[in-house]
1. Taking only the stretch 32-55 into account, find how many residues are surrounded by 12 or more Cβ atoms within 10 Å (Cβ to Cβ) and at pLDDT 80 or above.
2. Select from the stretch 7-21 the residues that are open to solvent by 90 Å² or more (accessible area, probe 1.4 Å) and closer than 22 Å to R37 by Cβ and list them in ascending order.
3. Kindly indicate whether R97 is exposed (fewer than 10 other Cβ atoms within 10 Å of the Cβ) and either of a type outside the set (G, A, S) or at pLDDT 85 or above (or both).
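The values are calculated or read from the model by the stated rules, or taken from the named source; none is laboratory data. Quick caveat: nothing in here was measured; it's all calculated off a predicted structure. As a convention, Cβ positions derive from the backbone with ideal geometry for all residues, glycine included, and neighbour counts pool all protein chains shown. Side chains included, ligands, DNA and RNA excluded: accessible areas come from the protein's heavy atoms. Shrake-Rupley method; radii C 1.70, N 1.55, O 1.52, S 1.80 Å.
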Amino acid sequence: MFVLLLVLVLVLFGFGFLHPVWWLIAAVLVVVIGRSRGGGRGIGGDSGSGEYREYRDRRERQDRWDRRYIRQHRARWDREDRHDRQDRHDRQDRQDRR
């Protein structure tokens, strides 16, 4: 199928030497073929879906990483905060006793 379209474009290009309108028709046909084969970046088409898919995958990986490691750090930070509060409380009690 692609070979037939390529031959058609070449024939139209050849007719362009007889009348320049055929060059325009050949150029339009090349653009249409390029877009239909995924080479174009049409508005609203799914030509950008690959980019969006990569973006979505990257965001999902980042979210998984955040959930995995931030949770571990959050637990450690909470534990350290508890110890700090307890230490402050103990120091305050010792000062009050004096």
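1. 3
2. First pass over the stretch 7-21, keeping only residues open to solvent by 90 Å² or more (accessible area, probe 1.4 Å): 10, 13, 15, 17-19.
Scanning the stretch 7-21 gives L10, F13.
3. Numbers: exposed (fewer than 10 other Cβ atoms within 10 Å of the Cβ): yes; either of a type outside the set (G, A, S) or at pLDDT 85 or above (or both): yes.
Against the criterion (exposed (fewer than 10 other Cβ atoms within 10 Å of the Cβ) and either of a type outside the set (G, A, S) or at pLDDT 85 or above (or both)), R97 qualifies.
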